[in-house]
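The values are calculated or read from the model by the stated rules, or taken from the named source; none is laboratory data. None of the values given here were measured: they were computed from a predicted structure. Here the Cβ is made from the backbone with ideal geometry for all residues, glycine too, and neighbour counts use every protein chain on show. Areas reflect the complete protein model, heavy atoms only, side chains present, ligands, DNA and RNA absent. Shrake-Rupley method; radii C 1.70, N 1.55, O 1.52, S 1.80 Å.
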Amino acid sequence: MRSICPRDTRPYAITSDGRFVVASVSRSSGPSELSLIDVSTGARQVFTTIHGQDPQNVAVSPDGRYALYDTRADSGSDARDVYIVTLASKART
């Protein structure tokens, strides 16, 4: 078995076709990034940048078109902000 994720990467989900892993990449300074990592090549494609809280509860829709994740709304709060990203266009709602 070979590793396709660098050390600063946290894998969350795999697409239903098994071609990609959705992972967050943490930086010592700066925002985190959510990326698709190609299982066969290890190539990484960033699809959104997250400022502030690290993403939680990351999932991919069954058709592989969307990634969903949440972050803490405010520091010290239990409220969550939920996001949906269209992977093809990288549009976040």
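Within region 37-48, how many residues turn out to be surrounded by 14 or more Cβ atoms within 10 Å (Cβ to Cβ) and farther than 14 Å from R19 by Cβ?
2
Go through region 72-93 and give me each residue that's open to solvent by less than 80 Å² (accessible area, probe 1.4 Å), under 16 Å from S24 (Cα atoms) and in a loop (DSSP other than H, G, I, E, B).
L87
Give region 15-31 a look and list any residue that's open to solvent by 60 Å² or more (accessible area, probe 1.4 Å) and modelled with pLDDT under 80, or say none. I'd like the intermediate steps shown before the answer.
Taking region 15-31 and keeping what is open to solvent by 60 Å² or more (accessible area, probe 1.4 Å), we get 16-17, 19, 27-29.
Within region 15-31, R27, S28, S29 qualify.
Out of Y12, Y69, I need the residue that is open to solvent by 50 Å² or more (accessible area, probe 1.4 Å), out of contact with any helix residue (DSSP H, G or I) (no Cβ under 6 Å at 6 or more places or on another chain), of a type in the set (S, T, Y) and assigned to a strand (DSSP E or B). Which one? Walk me through it before giving the result.
Values: Y69 fails: open to solvent by 50 Å² or more (accessible area, probe 1.4 Å).
Being open to solvent by 50 Å² or more (accessible area, probe 1.4 Å), out of contact with any helix residue (DSSP H, G or I) (no Cβ under 6 Å at 6 or more places or on another chain), of a type in the set (S, T, Y) and assigned to a strand (DSSP E or B) holds for just one of Y12, Y69, which is Y12.
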